[in-house]
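Notes follow the structure.
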Amino acid sequence: MPQRQVKAAILLIGDELLSGRTQDVNLQALAKFLAPIGVQVAEARVVADIPEAIVVAVNALRARYDYVFTTGGIGPTHDDKTADAIAAAFGVPIDVREDARAILQAHYKSASPLNEARLRMARIPEGASLIANPVSKAPGFQLGNVFVMAGVPSIMRGMLEDVGHRLEGGAVVRTATLRAKGLREGDIAAALGELEEAADGVVTFGSYPWFSPPDSFGVHLVARSADADALEKAAADLARLIESRGAEPERSE
């Protein structure tokens, strides 16, 4: 029996993302981390540091997907509003928790003092479990199927060490990529659509053009499937398609 597909959503939180001040890299890092576990990212959203917007997004996504991962908004400043919004989304109280306080107290005792601002990072919604932070110590947390992590990429990646073992994955979707120099998408669009239709959902196909100035161009054709045999057949079909258009297929992973 085929394994169930486990799907996740990623919610990126922060005014700095929407203003263009900060370029997000967490979506890619999370997707690459989750894929080998058998968790497919099916949706991603970006919202501002507005509690009401975070609540609406979290409640919509956690009802639709197996897991939700949020990044951003759990720091010590006034615009870090994610923890309160998560508590509101679940309808639970939030306060400084002693185990989180102890982590921060141990970290800051030899450096800066644990002041009121830093203590904000120990405010955890009732019923949540902490996510360890090996980089800067201030913990994230998990509440239900929602994992709340830092927005700073290096800290978020560190937190993933305490996330993977909590996830129950499903079918692992693998990819096959073929590079075709000199082809344009219009050359293969109709035939690629026919392959997708014939695959009947077992394999999905994508086409991604590339350009290398001044005059080199082509496409990457990608097949994705949780069925290894179907994936290999799809790769062979793509190779034949490329050859039929007078180009040389190059397999790249």
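Some notes on this structure:
- Only one entry of A247, A236, A199, A180 meets the criterion of being farther than 22 Å from I37 by Cβ, without any contact (Cβ under 8 Å) to a residue 60 or more places away in the chain and buried (at least 18 other Cβ atoms within 10 Å of the Cβ), and that entry is A199.
- Exclusive hit being farther than 30 Å from A89 by Cα and among the small types (G, A, S), set G169, G206: G206
- Scanning the range 179-191 for residues that are closer than 30 Å to I131 by Cα and not in a loop (DSSP other than H, G, I, E, B) turns up nothing.
- Whether a residue is modelled with pLDDT of 95 or more, hydrophobic (A, V, I, L, M, F, W, C), assigned to a helix (DSSP H, G or I) and surrounded by fewer than 20 Cβ atoms within 10 Å (Cβ to Cβ) was assessed, and A83 does not pass this test.
- The residues listed here are G206, G127; of these, the one that is farther than 22 Å from Y67 by Cα and either surrounded by fewer than 16 Cβ atoms within 10 Å (Cβ to Cβ) or touching a Ser or Thr at 6+ places or on another chain (Cβ under 7 Å) (or both) is G206.
- Some residue of the range 93-111 being over 23 Å from V172 (Cα atoms), surrounded by 14 or more Cβ atoms within 10 Å (Cβ to Cβ), modelled with pLDDT under 95 and of a type in the set (S, T, N, Q): yes
The values are calculated or read from the model by the stated rules, or taken from the named source; none is laboratory data. The model shown is predicted, which means the values in this text are computed figures rather than measured ones. As a convention, Cβ positions derive from the backbone with ideal geometry for all residues, glycine included, and neighbour counts pool all protein chains shown.
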